[in-house]
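Colleague: So that we are looking at the same thing, I have put the structure below in structure tokens.
The values are calculated or read from the model by the stated rules, or taken from the named source; none is laboratory data. Remember, predicted model here, so these are calculated numbers, not experimental data. Reconstructed Cβ throughout: ideal geometry from the backbone, glycine too, with neighbour counts over all protein chains shown.
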Amino acid sequence: MQHSLTRTLGYLSVILLLLSISHLLPAQSPYKETTDSMLLRLNEAADRLLYINPDSSIQYSVKARERADQIGDQPALTRALIFLGKAYYIKGSYEQSLKYTTSGLALAERTGDKPNLASACNGIGLIYLGHDQYDLALQEFRKAVDLAGSDGDSSHISAYLFNAGICFDQTGEFAKALTYLNRAMVSDKGRHVSLMALNRLGETWLHMKQFDTAVRYYRQLLSDPRAANDSWEKTFAYAGLAQVSYARGQFDSAAAQAHASLNFAQQIHAKWDAERAAKILADSYAALHQYQKAHECMVVDKLYNDSLYSDSREQVVNFLKLQQREKENQQLKDLSGADQRTIKLRTVLLIGACLLAALLIGLALMFYRNYKITHKLSRQLETSNQLKDQMFSVISHDLRSPMAAMQQMLELMKARNLPEEEKNKLYDLFYRQVILNNNMLNNLLQWVTTQLTGPGIVPKKEEVDPSQIIDEVLSVYTYLAGQKKISMTNEVTTGVTIHGDKEQLKIIFQNIIGNAVKFTHPGGTIRLFHTLSDDTVTLHVKDNGVGIPAPKLATLFEQSGPSLSTYGTAREKGTGIGLYLVRQFVEHNDGKIYIHSAENMGTETCVSFACAGLKES
């Protein structure tokens with residue numbers, strides 16, 4: 001495949017030489033038809049710089065197009081467009097080349113401008129030739145020959161004979177190639193085509209491995225005064241000489257000649273010849289065991305190769321074929337009535353097939369969209385059901401213990417004839433319990449609402465004294481702990497503050513302390529204290545209760561629901577949602593929670609938050 005690409009690049013470099021034909025010939029050159037002096041100077045400058053500095057040539061051609069459009073000179077405008085196509089082809093900008101060439105072709109067809117129409121056909125033929133479409137290329141060249149002959153433009157026929165010779169050379173029909181190239185040289189009568197023919201004849205003899213003859217033609221071109229300032233011809237000739245020297249094993253000569261070819265190619269930004277020369281130069285250096293230089297040349301070769309074979313070239317070919325099809329469709333309008341009806345019928349059938357395909361695609365998209373909507377609604381319904389179950393479980397768990405405490409206080413007040421002082425204490429405790437329950441219920445309802453409408457509660461963080469929060473929560477469980485004769489002590493220092501949502505922190509410690517009371521044996525102890533580490537405050541709730549079995553401890557925060565619930569030491573029953581809620585609230589407050597426990601050895605729950613400050617108590 002690499003050999004095929006290299007061979008194609010070599011052909012492309014020769015093809016570019018042909019682009020100058022329609023504008024370098026002095027006789028009957030299209031732009032000479034204008035009488036505008038400024039336009040003449042712009043066109044002559046563009047011609048002169050085409051192979052010396054293509055970028056400058058493009059700038060002059062753009063100005064020539066603007067001038068021709070300004071003065072309403074249609075032939076000059078057509079010529080400027082076609083010339084821009086040639087200049088961009090030399091630079092390797094295929095899309096731009098095709099854009100301007102086809103625009104010039106369309107304008108020449110509308111105005112009946114045969115010289116420019118022949119030049120445009122020749123340019124499109126060269127594009128086909130550069131992409132190995134030899135039959136299509138020959139068709140375009142024949143059109144150019146016919147147009148030039150009908151217009152009496154014999155000076156350009158030599159160029160089209162030359163192009164046909166290249167087609168035959170590339171298909172391996174060397175005898176035909178030599179015939180057409182020699183005819184082109186004779187008919188050109190010493191103009192630029194005859195100079196190009198020397199290069200191409202040398203290349204054809206090189207393909208035939210007749211090296212002496214090939215060298216003679218290359219040397220004849222280099223000694224021709226017309227080639228003195230023609231970098232384009234010289235880069236091609238030196239590349240041909242380098243190939244001959246390499247084939248003969250004369251690697252020093254091959255390297256020197258390839259280096260000269262590369263220099264000339266780079267002067268005029270000719271990617272095709274630069275790639276060809278870099279490849280020969282790399283091979284020559286490798287044969288001379290100068291591997292560092294060979295590697296450098298291979299890198300240059302790869303850069304040019306990648307540039308030449310970019311995706312844009314394939315897009316250009318596709319666009320060219322599309323333009324050709326559109327032109328053929330236009331020509332079909334001149335067919336007979338029967339053919340017209342056939343075309344119309346085919347068009348109707350094609351449109352009908354397209355409409356049917358569009359309808360089927362539309363139905364498929366509609367069914368797919370409905371499926372996605374149904375699937376989404378199904379998932380939303382499933383999520384809503386899970387949230388509903390979770391809501392009831394949360395409310396049931398977090399209200400059960402406080403309500404049980406209130407119920408026991410009421411039963412105590414009803415069953416016994418208590419002294420007034422004792423009743424007042426119970427009333428005060430009962431009132432605080434109701435306030436705490438109300439706050440907790442509001443917070444839980446807020447949590448359930450946000451679960452249905454958003455990603456959970458957004459914590460309202462502030463500086464909070466955890467000692468005060470723990471005191472409030474302990475007051476809720478004082479009565480229940482007293483019933484089990486459990487000792488609860490708060491050793492958290494007042495003045496140690498953390499960042500967090502006060503209400504969410506209450507629910508966190510209400511669940512942790514509630515579980516400690518629930519699973520601590522009568523007469524046991526619950527100790528609350530804190531530790532400091534760097535910028536973190538860790539709050540500990542430690543009991544000497546029943547502990548947690550290892551299997552359950554491993555999944556304690558990963559599950560929720562009644563299946564996780566366990567009876568307490570006084571047969572208390574929960575829903576198994578408490579720690580699930582605790583984990584969510586701890587994470588919302590950028591905290592961490594972990595539990596140390598062993599069966600029958602008690603449990604220590606640790607919750608860490610960012611430290612807000614330390615104040616003297």
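Colleague: Go over the candidates Trp232, Trp272 one by one and state the one that is closer than 21 Å to Lys302 by Cβ and among the aromatic types (Phe, Trp, Tyr).
Modeller: When all the criteria are applied, what remains is Trp272.
Colleague: Of the residues in region 59-93, how many are surrounded by fewer than 23 Cβ atoms within 10 Å (Cβ to Cβ) and of a type in the set (A, V, I, L, M, F, W, C)?
Modeller: Total meeting the criteria: 2.
Colleague: Return the only residue of Met409, Met391 being over 30 Å from Leu614 (Cα atoms), of a type outside the set (D, E, K, R), modelled with pLDDT of 70 or more and not assigned by TED's automatic domain parsing to the domain that holds Asn589.
Modeller: Met409
Colleague: So, one more: Out of region 79-127, which residues are in contact (Cβ under 8 Å) with a residue 12 or more places away in the chain, assigned to a loop (DSSP other than H, G, I, E, B) and within 35 Å of the chain's Cα centre (by Cα)?
Modeller: Gly92
Colleague: State yes or no: is Ala164 in a helix (DSSP H, G or I), of a type in the set (Gly, Ala, Ser) and closer than 29 Å to Ser56 by Cα?
Modeller: Here the answer is no, as Ala164 does not meet what is asked.
Colleague: Could you pull out every one of the strands (runs of 3 or more DSSP E) wholly within region 498-606 that has 1 or more residues that are within 25 Å of Ala405 (Cα to Cα), of a type in the set (D, E, K, R) and modelled with pLDDT of 90 or more?
Modeller: Hits in region 498-606: 525-533, 536-543.
Colleague: Somewhere in region 7-30, is a residue out of contact with any Lys or Arg (no Cβ under 7 Å at 6 or more places or on another chain) and modelled with pLDDT of 85 or more?
Modeller: No, the conditions are met nowhere in region 7-30.
Colleague: Just checking, does region 232-252 include any residue being surrounded by fewer than 14 Cβ atoms within 10 Å (Cβ to Cβ) and either part of a helix (DSSP H, G or I) or at pLDDT below 90 (or both)?
Modeller: yes
To keep it simple, each residue is scored yes or no on (1) surrounded by fewer than 18 Cβ atoms within 10 Å (Cβ to Cβ); (2) over 25 Å from Tyr89 (Cα atoms).
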residue	(1), (2)
Cys121	no, no
Gln139	yes, no
Arg142	yes, no
Phe162	no, no
Gly202	no, no
Thr213	yes, yes
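Colleague: Go through (1) buried (at least 17 other Cβ atoms within 10 Å of the Cβ); (2) without any contact (Cβ under 8 Å) to a residue 60 or more places away in the chain; (3) assigned to a helix (DSSP H, G or I); (4) more than 60 Å from the chain's Cα centre (by Cα) one by one and return the number of the condition Leu474 breaks.
Modeller: For Leu474, the failing item is (4).
Colleague: Let me ask something else. Give me the residue from region 171-186 that is surrounded by fewer than 20 Cβ atoms within 10 Å (Cβ to Cβ) and in a helix (DSSP H, G or I) and, out of that set, nearest to the chain's Cα centre (by Cα).
Modeller: Phe174
Colleague: When you check Arg216 against the structure, is it charged (D, E, K, R), in contact (Cβ under 8 Å) with a residue 24 or more places away in the chain and assigned by TED's automatic domain parsing to the domain that holds Tyr238, yes or no?
Modeller: Details: charged (D, E, K, R): yes; in contact (Cβ under 8 Å) with a residue 24 or more places away in the chain: no; assigned by TED's automatic domain parsing to the domain that holds Tyr238: yes.
Answer is no for this residue.
Colleague: Test of understanding: among Val541, Val517, which residue is in the same structural domain as Gln483 (by TED's automatic domain parsing) and under 54 Å from the mean Cα position of the chain (by Cα)? Please lay out each step first, then the result.
Modeller: Details: Val517 fails: under 54 Å from the mean Cα position of the chain (by Cα).
That would be Val541, the only listed residue that is in the same structural domain as Gln483 (by TED's automatic domain parsing) and under 54 Å from the mean Cα position of the chain (by Cα).
Colleague: Of everything in region 207-231 that's under 45 Å from the mean Cα position of the chain (by Cα) and in a helix (DSSP H, G or I), which residue is modelled with the highest pLDDT?
Modeller: Only one residue fits best here, namely His207.
Colleague: Given the options Gly104, Gly112, Gly130, Gly92, name the one that is over 20 Å from Ser158 (Cβ atoms) and at pLDDT 85 or above.
Modeller: Among Gly104, Gly112, Gly130, Gly92, only Gly104 is over 20 Å from Ser158 (Cβ atoms) and at pLDDT 85 or above.
Colleague: Here is a list: Thr101, Thr111. Which entry is surrounded by fewer than 24 Cβ atoms within 10 Å (Cβ to Cβ) and of a type in the set (S, T, N, Q)?
Modeller: When all the criteria are applied, what remains is Thr111.
Colleague: On to the next question. So, Ser97, is that one small (Gly, Ala, Ser), in the same structural domain as Leu126 (by TED's automatic domain parsing) and modelled with pLDDT of 85 or more or not?
Modeller: It is false that Ser97 is small (Gly, Ala, Ser), in the same structural domain as Leu126 (by TED's automatic domain parsing) and modelled with pLDDT of 85 or more.
Colleague: Here's another thing I want to ask about it. Of all residues in region 263-312, count the ones that are assigned to a helix (DSSP H, G or I), aliphatic (A, V, I, L, M) and touching a residue at least 24 places away in the same chain (Cβ under 8 Å).
Modeller: Going through region 263-312 one residue at a time, the tally reaches 9.
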